[in-house]
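The values are calculated or read from the model by the stated rules, or taken from the named source; none is laboratory data. In this text, all values refer to a predicted model and were calculated from it rather than measured experimentally. Note that each Cβ is placed from the backbone with ideal geometry, even for glycine, and that neighbours are counted across all protein chains shown. These accessible areas exclude ligands, DNA and RNA; they are computed on the full protein's heavy atoms, side chains included. Shrake-Rupley method; radii C 1.70, N 1.55, O 1.52, S 1.80 Å.
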Amino acid sequence: MKKIGIAFGSGGARGITHLLMIEALEELGLKPSAISGSSIGAVVGAFYAAGFTSKEMRKILDQLLNPKSNSVFDFPLKSDFIKLFSMFDPQFIKSGFIKGDKFQQFMKSHLKTSTFEELEVPLKISTTDYWKKEEVVFEKGNLPLAIRASYSIPGLFTPIKIKNKILVDGGAVNPLPFDLIKRQCDITIAIDITSFHTMNAQEMPSTFDIVFTTYQIMQNSIIQEKLKFVKPDIYIKPKISDVRVFDFAKADSIFEQAKPAKKELKRQLEKLLLHK
């Protein structure tokens, strides 16, 4: 059996797409031999590496989106900015608006895995060393802390200090870390969920959108430049429109828009497994 590796890219709420890509592998009866992830991709990658199925991950997502009682994850609020702050824990200090402790605790209570060594599948998580301006990859040790560092978007989340390194979002240097696992696998899959396009191209964006969409534009440029020099065996970029970084409440729309990408992933995998 060919060794398959899958890389889950960064892209905020569009990371919900990753669950459909996992479904594709499950429907083909395939399991990866290696996983990598950056930002939201690190979150999904950790659950997948820990042995969670796409169905189980959907249930956890549903708990986030539809809390049964008052919760820090209470989404049905009026503005996107308030939704964001209700999901996490704001603090107005110089290092970032959000500490991220509440989401980390929620994730730890569901993941129930504290180290990389406990995972069923080897996992590599991309983070960024703020001061050295270079990638730092985690594959052993404290798993929740590495995940938190990987999704710590600069200026929004408080950076994480690990072994005297100040770490921020892995998407700043490697938003699609398929290169981290390529040598370990016969078939490498890369799921690119950077921003696609919007239906309201003439609309003046809000300050919040300008900041984070610009960050996504830079991530897209990093990926496109990397693809000129190293390519995965399968590159999938789902066409997800009109979904902003924290539009997690649009899960149903994201799943629907990602269905063609899931079908395409299965098609390419079947073709490669048959001929490679």
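Solvent exposure of the range 137-276, expressed per residue, is 52 Å² of accessible area, with all protein chains present and a 1.4 angstrom probe. Maximal additional length on extending the MET218-GLU117 stretch stands at 33.1 nm, based on 0.36 nm per residue less the C-alpha distance. Summarised in one figure, the compactness ratio Rg/Rh of the range 202-265, Cα atoms and Kirkwood Rh, is 1.02.
Spin-label pair GLN184-GLU256: with each label point 7 Å from Cα along the Cα-Cβ axis, the two points sit 3.7 nm from one another.
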